[in-house]
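The values are calculated or read from the model by the stated rules, or taken from the named source; none is laboratory data. Bear in mind the structure is a predicted one, so any value in this text is a computation, not a measurement. We place every Cβ from the backbone using ideal geometry, glycine too, and count neighbours over all the protein chains shown.
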Amino acid sequence: MTALALLPGISPLRRLARLCWRRKAASFGAAVTLLVVLAAVFAPLLAHQDPNEQDILAQLTPPSAEHLLGTDTFGRDVWSRILHGARISLFIGVASIALAMAIGGLLGLLAGYRGGRTDRIIMSVMDMMLSFPSLVMGLLVVAVLGPSMGNLIIAIAFTAVAPFARIARAPTLAIKQRDFIEAGRALGYSDARLMLRHILPNILDEILVLGSLWLATAIRTEASLSFIGLGVRPPTATWGGMIRDGFENMLDAPWLVIFPSIAILVVMISLNLLGDGLRDATDPKLRNE
Amino acid sequence: MFLYTLKRLLLAIPTLLGVLTIVFVIVRIAPGDPAIVILGENATRDAIEQLHAQLGLDVPIWQQYLNFMGQVLSGDLGRSMITNRPVLSEVWRVLPYTMELTVAALAIGIAVGLPLGVIAARHRNKAADFVIRCLSLLGLSFPAFISAILLLLVFSIQLKWLPVIGEASYADPDKRLAALILPALNLGLIMVAYITRVTRSSMLNVIGEDYIRTARAKGVPARWVIWRHTLRNALIPIVTVIGLYLGVLIGNSVLTEIVFNRPGLGKLIVIALNSRDYPTLQAMLVIYAFVIVLANLFTDLMYGVIDPKVRNQ
Amino acid sequence: MNNPRHPPAAPVLAVENLSTEFRVQGRWLPAIRDLSFSVGRNETLAIVGESGCGKSITSLSVMRLIPASQGRVARGSIRLDGQELLALPEAGMEKIRGNRMAMIFQEPMTSLNPVMTVGDQIAESLRHHRQATRAEARQRALELLEWVRIPSARSRYGDYPHQFSGGMRQRVMIAMALACEPQLLLADEPTTALDVTIQVQILALLAELKASRQMGMVFITHNLGVVASIADRVAVMYGGRIIEQADVRSLFERPTHPYTEALLRSMPRVDRPRADLRPIPGQVPPITEELPGCRYAGRCPLAEPRCLRSVPPLAPVAGSPGHLARCWVRAEPACLEDAA
């Protein structure tokens with residue numbers, strides 16, 4: 001059964017197409033992001049060596065034909081480690097944001113729809129969470145739960161829930177006043193059905209745009225946590241962890257720090273460009289530009 | 001204004017209690033027994049129970065809660081398990097460093113970010129706007145620790161303009177200032193990126209308002225319209241966002257302190273984490289809670305100054 | 001009226017062939033075309049028309065307040081007391097706005113700066129244009145507040161706009177606009193957003209101020225009732241052009257252009273049976289539609305083939321001095337020298 005009414009507007013797919021044509025920066029961001037995703041997915045094929053294979057004889061060698069980006073203190077190939085690190089970063093990023101979107105979005109939907117006390121309670125908790133810095137919150141959750149991939153995802157999702165709740169609540173408040181919701185209630189639809197099948201599709205837009213913007217933040221938080229030492233445990237390759245390891249030998253082997261940094265930067269910039277473009281494309285005020 | 005301030009101060013109290021409760025909950029929901037985590041799997045029963053008593057974990061949870069709140073509100077933050085010194089004194093020792101870093105970064109952020117945002121809004125879609133937006137994007141895309149490492153590499157190591165920092169740097173005020181520059185710059189540039197963005201978009205919103213048209217119709221000179229009329233109104237959302245960014249600042253200061261080997265709250269937390277110093281961890285959380293409530297209070301008070309509608313309720 | 005023994009004094013505002021274009025979907029389209037009118041001292045010219053006919057754009061163009069990113073004055077001449085405004089640089093215009101020429105807007109709720117006191121907003125004009133000191137400006141601003149009949153002016157000087165009602169805010173706007181005693185006031189639907197009882201007060205205030213200052217006023221509205229009560233002369237706009245111009249009596253007694261006629265007929269009146277209400281069929285053509293002929297022809301009962309082919313010029317109406325209409329059928333331009 002389809003939604004009673006999808007508010008008039010262009011479908012998200014067409015909007016994406018229009019955006020790619022009109023905003024070169026955003027499409028550049030999208031293209032690069034796609035490249036990174038492909039690189040991560042096909043990492044085992046693209047990486048020449050096992051990222052965790054140690055070769056003490058070849059430790060700390062600069063970039064060469066055999067080791068494209070050099071080796072680290074344990075003789076592990078940097079290029080392979082970066083590729084596999086991409087997998088970790090992207091996986092954690094996407095998983096945590098998906099989790100945050102689901103939980104935060106539902107909470108915001110509930111708060112906006114129910115109003116009154118439910119709204120006040122949920123939003124006060126969200127407000128308090130919002131004022132806590134992401135990194136510190138993530139740090140503490142990981143400290144409490146212990147560093148592992150699953151816990152990292154939970155931790156980062158935790159830091160992102162409040163913004164999604166906020167962004168889901170506002171349009172819910174507006175939409176619940178509309179006639180087709182009244183009509184649905186008159187037809188005897190349950191609250192849950194109205195919320196999930198009728199309101200949710202209409203606010204999905206804004207949630208997804210925020211998701212793309214927060215993906216960059218999530219990846220940055222993961223890298224930062226790895227740098228502090230709270231990331232996925234070694235010997236698994238993570239970008240932040242590689243920088244942490246390389247920090248000590250920065251003077252002798254700068255490539256250990258430079259290449260993972262470039263990787264992080266490339267992902268951050270392209271995700272930011274993409275997120276910005278998506279946000280501009282869906283902003284009604286900017287429609288005529 | 002006075003009434004408004006009073007109201008805000010009073011509201012801050014339940015907020016503080018609420019945040020402290022959240023802190024308590026976070027620390028207690030850890031799966032597993034902290035005593036086992038600290039002592040290891042093979043610890044004896046007695047040792048575990050002794051540690052429990054030491055950590056105050058041997059009483060029912062509601063009593064733990066009351067003990068916790070009572071201690072915090074009377075200023076007792078427990079003792080570090082490593083140094084056995086009161087946590088509060090450790091915090092007092094490093095607080096000035098964190099404060100000076102935060103204030104310097106915020107100052108740089110506002111002093112540079114605000115004008116850049118205004119210029120970008122004024123010359124929308126032209127060259128200046130484009131350049132400023134690019135720089136802003138770069139600033140946002142650099143995670144704090146990477147930019148810190150980059151600054152360290154370039155300025156301290158390659159160019160040798162500024163010293164690589166060590167603990168001894170802090171005795172001498174000159175050296176202390178020199179040791180502040182790079183970390184403040186690191187955080188400051190990130191703040192510049194954020195503040196430029198929000199200033200630009202807030203200004204653009206206000207420029208389209210009717211009262212700006214009225215000001216121009218009065219013949220108010222263009223520069224006056226931008227600074228006195230537009231910016232003054234744009235500040236309201238900007239201050240909100242800066243209040244939110246204080247959190248970002250605090251988070252990033254942790255990373256900066258690590259890279260630059262600077263004493264401060266962030267460093268303290270990381271050391272506590274690595275050595276499983278439970279009481280210190282808990283106390284650090286409490287400190288952060290306080291700081292955040294204070295920051296929010298400050299933002300609210302700023303509203304009272306900027307927005308007459310809020311003042312005259 | 002043209003009296004040969006007393007040649008008319010030079011008009012305060014003389015607009016000739018003004019055209020303003022707007023950027024729509026990448027093209028420049030005219031919003032107002034070939035506009036010519038004048039306003040004399042102590043004279044109120046009402047510009048009437050429905051939404052979208054270009055009346056607001058006219059006043060914004062005269063003040064040169066059209067944002068450069070959206071539109072531009074394409075051609076024409078705007079002379080304020082003899083001085084050509086279109087030749088002035090922006091800095092020159094800044095000296096004239098709020099000083100010799102002022103404007104008040106439709107929405108008093110959003111047209112005042114929320115973070116400045118009303119007193120300061122009024123004083124601001126004086127400080128910029130008259131180089132008044134703070135004390136002088138404050139004094140004069142207080143006088144102005146009293147002049148526009150704000151009760152307890154002294155204590156309200158330091159209040160903020162959100163503490164005033166709509167009618168009071170409009171009075172503040174008027175005080176702001178007239179602070180430097182301009183020669184010309186452009187009023188863009190100043191009473192549309194107000195209650196009827198307040199409307200009457202504001203109109204009376206404006207009339208009184210205008211007379212005491214011998215100021216010229218351009219009053220933009222879509223309300224013919226307002227026109228009847230305050231205007232000396234009227235210009236009716238449609239589709240970006242003036243389609244009829246006359247003194248107010250002539251316009252109401254002998255509406256010439258079919259649109260004016262239809263407009264008057266479509267006004268609900270207490271003294272006529274309700275069944276007589278006749279709305280105008282059809283719709284105003286959008287700005288993107290470029291038509292070679294009269295833009296009203298599609299809705300006009302009198303339309304002839306030549307109406308669709310070319311735009312009629314503003315021609316004098318026979319038997320009514322000073323009365324012009326833009327219609328092939330009703331105002332045949334027999335002798336174009338008379339159209340001055």
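Each row is one residue, and each column tells you yes or no for (1) in a helix (DSSP H, G or I); (2) of a type in the set (Lys, Arg); (3) modelled with pLDDT of 90 or more; (4) closer than 23 Å to B:Val118 by Cα.
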{"site": "B:Leu180", "(1), (2), (3), (4)": "yes, no, no, no"}
{"site": "B:Leu189", "(1), (2), (3), (4)": "yes, no, yes, yes"}
{"site": "B:Thr196", "(1), (2), (3), (4)": "yes, no, yes, yes"}
{"site": "B:Ile212", "(1), (2), (3), (4)": "yes, no, yes, yes"}
{"site": "B:Val239", "(1), (2), (3), (4)": "yes, no, no, yes"}
{"site": "B:Val248", "(1), (2), (3), (4)": "yes, no, no, yes"}
{"site": "B:Val254", "(1), (2), (3), (4)": "yes, no, no, no"}
Just one listed residue, out of C:Val284, C:Val270, is farther than 20 Å from C:Glu332 by Cα and either assigned to a helix (DSSP H, G or I) or out of contact with any Phe, Trp or Tyr (no Cβ under 9 Å at 6 or more places or on another chain) (or both), and it is C:Val270
| query | Is it true that some residue in segment B:210-223 is surrounded by 22 or more Cβ atoms within 10 Å (Cβ to Cβ), in contact (Cβ under 8 Å) with a residue 12 or more places away in the chain and within 14 Å of chain A (Cβ to nearest Cβ)? | reply | no
Considering residues that are within 14 Å of chain B (Cβ to nearest Cβ) and within 28 Å of the chain's Cα centre (by Cα), the number found within segment C:129-166 is 8
Of the candidates C:Gly54, C:Gly92, the one satisfying the condition of being surrounded by 19 or more Cβ atoms within 10 Å (Cβ to Cβ) and either out of contact with any helix residue (DSSP H, G or I) (no Cβ under 6 Å at 6 or more places or on another chain) or within 13 Å of chain B (Cβ to nearest Cβ) (or both) is C:Gly54
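Strands (runs of 3 or more DSSP E) wholly in segment C:188-256 with at least 1 residues that are over 21 Å from B:Ala217 (Cβ atoms) and under 17 Å from the mean Cα position of the chain (by Cα) - which ones? Explain how you work it out, then say what you get.
Numbers: elements: C:216-221, C:233-238, C:241-247.
Ranges flagged: C:233-238, C:241-247.
Tell me which residues, restricted to segment C:262-310, are in contact (Cβ under 8 Å) with a residue 60 or more places away in the chain and within 20 Å of C:Val48 (Cα to Cα). I'd like the intermediate steps shown before the answer.
If we filter segment C:262-310 for residues that are in contact (Cβ under 8 Å) with a residue 60 or more places away in the chain, which is where we start, we get C:263, C:284, C:287-288, C:290.
The answer is C:Leu263, C:Val284, C:Ile287.
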* To do: For B:Arg124, indicate whether it is outside any helix (DSSP H, G or I), within 11 Å of chain A (Cβ to nearest Cβ) and either in contact (Cβ under 8 Å) with a residue 12 or more places away in the chain or on the phi > 0 side of the Ramachandran plot (or both).
  => yes
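I want to confirm something. Restricting to segment B:298-309 and keeping residues that are within 11 Å of another protein chain (Cβ to nearest Cβ) and touching a Ser or Thr at 6+ places or on another chain (Cβ under 9 Å), which single residue is farthest from B:Leu6 (Cα to Cα)?
We begin by selecting, within segment B:298-309, every residue within 11 Å of another protein chain (Cβ to nearest Cβ); these are B:299, B:305-309.
So of that shortlist, the ones also touching a Ser or Thr at 6+ places or on another chain (Cβ under 9 Å) come out as B:299, B:308.
Values: B:Thr299: 14, B:Pro308: 16 Å.
Out of the qualifying residues, it is B:Pro308.
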Residue pairs within 6 Å by beta carbon, gap of at least six or interchain, first lying in segment A:144-155 and away from chain B (no Cβ under 12 Å), second of a type in the set (A, V, I, L, M, F, W, C), listed first then second, are A:Met149/A:Val232; A:Leu152/A:Ile92; A:Ile153/A:Ile92; A:Ile153/A:Ala95
Those residues of segment C:174-201 that are within 18 Å of C:Phe164 (Cα to Cα) and buried (at least 23 other Cβ atoms within 10 Å of the Cβ) come to a total of 6
Checked C:Gln83, C:Gln121, C:Gln106 against criteria (touching a Ser or Thr at 6+ places or on another chain (Cβ under 7 Å) and either in the same structural domain as C:Leu144 (by TED's automatic domain parsing) or not aliphatic (A, V, I, L, M) (or both)); the one match is C:Gln106
Scan segment A:97-116 and tell me whether some residue there is touching a residue at least 24 places away in the same chain (Cβ under 8 Å) and within 14 Å of chain B (Cβ to nearest Cβ).
no
Looking across segment A:259-280 at residues that are free of Cβ contacts under 8 Å to residues at least 60 places away in the same chain and surrounded by fewer than 21 Cβ atoms within 10 Å (Cβ to Cβ), the single one that is nearest to the other protein chains (Cβ to nearest Cβ) is A:Leu265
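Each row is one residue, and each column tells you yes or no for (1) within 25 Å of C:Pro285 (Cβ to Cβ); (2) aromatic (Phe, Trp, Tyr); (3) buried (at least 21 other Cβ atoms within 10 Å of the Cβ).
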{"site": "C:Thr20", "(1), (2), (3)": "yes, no, yes"}
{"site": "C:Glu50", "(1), (2), (3)": "yes, no, no"}
{"site": "C:Thr58", "(1), (2), (3)": "yes, no, yes"}
{"site": "C:Leu65", "(1), (2), (3)": "no, no, no"}
{"site": "C:Ala68", "(1), (2), (3)": "no, no, no"}
If you go through C:Ala325, C:Ala339, the only one that is out of contact with any helix residue (DSSP H, G or I) (no Cβ under 7 Å at 6 or more places or on another chain), under 20 Å from C:Leu45 (Cβ atoms) and at pLDDT 85 or above is C:Ala325
If you go through B:Ala111, B:Ala107, B:Ala144, the only one that is farther than 30 Å from A:Leu274 by Cα and within 25 Å of the chain's Cα centre (by Cα) is B:Ala107
Here, strands (runs of 3 or more DSSP E) confined to segment C:20-127 with at least 1 residues that are under 25 Å from B:Arg223 (Cα atoms) are C:71-80, C:101-104
Over segment C:105-119, the set of residues more than 7 Å from chain B (Cβ to nearest Cβ) and farther than 24 Å from C:Gln131 by Cβ is C:Gln106, C:Pro108, C:Met109
